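One structure is given here, and the rest of the page talks about it.
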Amino acid sequence: MASLDMAPITIKSSNLELLTGEEVQSSNPVISFPELLIVEDRLRESFLKAGHTIKDSCLLLLASGGKRLRPLLTLQSAQCFGPLNSAALDAAVAAELIHMASLIHDDVIDHSDRRRGVPTINSQEGNQVAVLAGDYVFAEAFRILSNKHLLTSMSYLVDAIQSMCDGEVEQAEQRYNLTVEPSQYFKRIAQKTGILLASCCCSGAASVGASQDAIEALGHYGMNLGYAYQIIDDILDFTGNPQVTGKPVAADLANGYITLPVIYLLDKPLYGPWARDILQTRNLSPADVQKIIQALISSEALDEAFATALHCAQTAIQALNSLPPSPSKTFLIKLTHTILYRNS
């Protein structure tokens, strides 16, 4: 497998070209495809085979919704090169199962009570059942990949899982680390988010026999899309509506995760020392949270983080330049815009 680029990005504001609101509206795709309905049915079938407790818990997570971004990327990457085949659909189902398994385990690690507005498995059934449910979902993903002889797709997705585990450990080690550098942040989000999106793109392209150059181009697209996705997620941690995002304001900060907006804030001569004094307490009151949010706005740290996400999105789109024109290529470009300007 060709290695995917996880190098940190150097941001140059002179290279940024802002997208207008009109462009966003015209490029906002409706994410509703018959192929995804097939994926949804296949996911449900996978869970119905489980024992009672795991089955009910996984079906509840499935019913809570989600963007289905991973299978969508897998299917659209495949369709850049021709009609869908069964291999691409199998790879898409496996990708979403891996993502769902990682969410179940993340909730255990973060002691999360709710996800997408519904109780988590660990809050309902305890950590033991949640860990085993996550393991079951991982196993089902690999059953599909091995039974369908999708060895190339499996290779990409195994690499993603290993990287995601490394990213979780790195994130835990960096909790409350107020000296974390942007390069460390980019390494972490590459491991936790970018690598799986990149692997989905590569897996989809490989499932229909795309060339190695085309697979690598889609891998670079997926990685940079992952950067943009995670940075926007980290901005929404402070600016999002909890009823829309499904989690409290500044939940990541409360857990000690120092994300890009905070890194930029801490680097401001006027605001940095003041913010560091507040964050060093590791026990933020609601008033402290509001002060940090106001400082993120006043210092333009949030704007700076968005500019970085925009640059990553543009880099993702540029990676598609070598691909032949197709409706799916156009969709991937529009999807990048949608992710950049989403509110949840």
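The values are calculated or read from the model by the stated rules, or taken from the named source; none is laboratory data. These numbers come from a predicted model, not from an experiment. A quick note on method: Cβ atoms are made from the backbone with ideal geometry, for glycine too, and the neighbour counts reach across all protein chains shown.
Tally time: how many residues in the stretch 170-186 are under 17 Å from the mean Cα position of the chain (by Cα) and either over 27 Å from Y221 (Cβ atoms) or basic (K, R) (or both)?
0
Quick one: in the stretch 303-344, which of the residues that are buried (at least 16 other Cβ atoms within 10 Å of the Cβ) and in contact with a Gly (Cβ under 9 Å, 6 or more places away or on another chain) is farthest from L260 (Cα to Cα)?
Checked the stretch 303-344; the qualifying residue farthest from L260 (Cα to Cα) is A319.
What pairs come up if the first residue lies in the stretch 27-38 and is surrounded by 10 or more Cβ atoms within 10 Å (Cβ to Cβ), the second is assigned to a loop (DSSP other than H, G, I, E, B) and at pLDDT 60 or above, and their beta carbons are under 9 Å apart, counting only those six or more places apart or on different chains?
Listed by first residue and then by second, the contacts come to N28/Y341; I31/K67; I31/R68; E35/L84; L36/R68.
Which one of the conditions (1) farther than 30 Å from P71 by Cα; (2) within 26 Å of the chain's Cα centre (by Cα); (3) surrounded by fewer than 19 Cβ atoms within 10 Å (Cβ to Cβ) does S285 fail to meet, given that it meets all the rest?
Only one criterion is unmet by S285, namely (2).
Can you name the number of the only condition in (1) under 18 Å from T179 (Cα atoms); (2) in contact with a Pro (Cβ under 8 Å, 6 or more places away or on another chain) that V249 fails?
(1)
Out of (1) over 18 Å from the mean Cα position of the chain (by Cα); (2) closer than 24 Å to I161 by Cβ; (3) not in a helix (DSSP H, G or I), the odd one out for A205 is which?
For A205, the failing item is (3).
Only one of G222, G240 is closer than 28 Å to A307 by Cα, at pLDDT below 95 and either crowded, with 24+ Cβ neighbours inside 10 Å or out of contact with any strand residue (DSSP E or B) (no Cβ under 9 Å at 6 or more places or on another chain) (or both). Can you tell me which?
Just one listed residue meets the conditions, G240.
So which residues in the stretch 243-278 are surrounded by fewer than 18 Cβ atoms within 10 Å (Cβ to Cβ) and β-branched (V, I, T), if there are any at all?
Of everything in the stretch 243-278, those that are surrounded by fewer than 18 Cβ atoms within 10 Å (Cβ to Cβ) and β-branched (V, I, T) turn out to be V244, I278.
Out of I189, I231, report the one residue that is at pLDDT 95 or above, within 13 Å of the chain's Cα centre (by Cα), under 25 Å from V118 (Cα atoms) and buried (at least 20 other Cβ atoms within 10 Å of the Cβ).
Details: I189 fails: under 25 Å from V118 (Cα atoms).
One residue alone meets the criteria, I231.
Tell me which of these C200 doesn't satisfy, since it passes every other one: (1) under 16 Å from S102 (Cα atoms); (2) surrounded by fewer than 16 Cβ atoms within 10 Å (Cβ to Cβ).
(2)
Is the stretch 239-246 home to any residue that is hydrophobic (A, V, I, L, M, F, W, C), assigned to a helix (DSSP H, G or I) and closer than 28 Å to V169 by Cβ? Outline the logic, then answer.
If we filter the stretch 239-246 for residues that are hydrophobic (A, V, I, L, M, F, W, C), which is where we start, we get 244.
Now narrow it down to the ones that are assigned to a helix (DSSP H, G or I): 244.
Filter once more, keeping what is closer than 28 Å to V169 by Cβ: none.
Scanning the stretch 239-246 turns up no residue that is hydrophobic (A, V, I, L, M, F, W, C), assigned to a helix (DSSP H, G or I) and closer than 28 Å to V169 by Cβ.
Can you find a residue in the stretch 248-260 that is aromatic (F, W, Y), in a helix (DSSP H, G or I) and out of contact with any strand residue (DSSP E or B) (no Cβ under 8 Å at 6 or more places or on another chain)? Outline the logic, then answer.
Of the stretch 248-260, the ones aromatic (F, W, Y) are 257.
Now narrow it down to the ones that are in a helix (DSSP H, G or I): none.
Checked against the condition, which is being aromatic (F, W, Y), in a helix (DSSP H, G or I) and out of contact with any strand residue (DSSP E or B) (no Cβ under 8 Å at 6 or more places or on another chain), the stretch 248-260 yields no hits at all.
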